[in-house]
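A.B. asks: Right, I'll just put the structure down here and ask away after.
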Amino acid sequence: MPGEDTPTQHKKNAPAIVRFAIITVSTSRYKTYGSVSTPGQADDISGGVMMDLISGSGFEVKTYSLLPDDKTLITRQVKELISAHIDAIVISGGTGLSIEDVTLEAVEPLFDKHIPGFGELFRLKSLDDVGTASMLSRASAGIVDRCVVFCLPGSPAAVELALKELIIPEAAHMVKHV
């Protein structure tokens, strides 16, 4: 109907380019490789998947970081990226249930707004792949000062699922709104 707001119409005027930053959180990789600027330098399969899928979608990957499971370092890196005018940050790793997993404890306090539907949909879509273990995922997303931040599990399969089915299809739409 005329004047009806469809999802396609709603996505009009979204930016053609979204500037992404990628962060992999892994203490073991960080101990082995230290601070690196590409996933290949750290044998980071999930980081490579993120890089390939985001770049392949036509968006820009502006930076890659490898960090240990350290709340202070993760928080500092997210704040630095936001001040560098990044549109979206994808963080993989550190979202599990172990005491060492501190990504959400570092990032969620920064959220101006939470995007609860992201984690809910990620867990629902993961159900087919990992069964009821999907409830162990603390995948999350939110807005920090006009930047969309996604926190994903560290497995390559989880990263691929989240990017292909949730993040890439809606990234420009989300950036338009924030």
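Bear in mind that the values in this text are calculations on the coordinates, not laboratory data. Model, not experiment: these values are computed from the prediction. Heads up, the Cβs are rebuilt from the backbone with ideal geometry, glycines too, and the neighbour counts pull from every protein chain shown.
A.B. asks: Can you give the FRET efficiency for ALA84 and PHE111, using 1/(1 + (r/R0)^6), R0 = 25 Å, r = Cβ-Cβ distance, to the nearest 0.05?
C.D. replies: 0.85
A.B. asks: Would you list THR32, THR24 from fewest to most Cβ contacts within 10 Å?
C.D. replies: Values: THR32 11, THR24 27.
Neighbour counts put them in this order, fewest first: THR32, THR24.
A.B. asks: Using 7 Å Cα-to-Cβ label points, what is the ILE99/SER35 separation (nm, one decimal)?
C.D. replies: Taking the two extended label points, one gets 2.9 nm.
A.B. asks: Let me ask something additional. In whole Hz, with x marking every Gly and Pro, tabulate ³J(HN,Hα) for the stretch 56-64 from phi via Karplus 6.51 cos²θ - 1.76 cosθ + 1.60, θ = phi - 60°.
C.D. replies: Ordered by residue, 3J(HN,Hα) equals x, 7, x, 8, 9, 9, 7, 7, 10 Hz.
A.B. asks: For a test of the definition: using alpha carbon positions, the gyration tensor, and the 1.5 limit on a/c, classify the stretch 16-177 as rounded, prolate or oblate.
C.D. replies: Rounded.
A.B. asks: Next question. Over all alpha-carbon pairs of the stretch 21-108, lay out the pair-distance distribution in 5 Å bins, whole %, shortest bin first.
C.D. replies: Over the stretch 21-108, the share of Cα pairs per 5 Å bin runs 3, 15, 27, 25, 21, 8, 2, 0 percent.
A.B. asks: Share of antiparallel DSSP beta bridges in the stretch 16-177, in percent to the nearest 5?
C.D. replies: Counting DSSP beta bridges with both partners in the stretch 16-177, the antiparallel share is about 30 percent.
A.B. asks: Show me, for the stretch 81-89, the HN-Hα J-couplings you get by feeding each phi into the Karplus relation (A = 6.51, B = -1.76, C = 1.60, θ = phi - 60°), rounded to Hz, glycine and proline as x.
C.D. replies: So the J values, rounded to whole Hz, are 5, 5, 5, 8, 6, 7, 7, 8, 10.
A.B. asks: How would you rank 108-114, 57-63, 136-142, highest first, on the average number of other Cβ atoms within 10 Å across their residues?
C.D. replies: My ranking of the peptides, most packed first, is 136-142, 57-63, 108-114.
A.B. asks: Exposure proxy check: TYR64, TYR33 ranked by fewest other beta carbons within 10 Å?
C.D. replies: Values: TYR64 22, TYR33 14.
By the 10 Å Cβ count, ascending: TYR33, TYR64.
A.B. asks: Can I ask one more? Could you give the nm distance between label points at ALA133 and LYS62, where each point is 7 Å from its Cα heading toward the beta carbon?
C.D. replies: My value for the distance between the label points is 3.6 nm.
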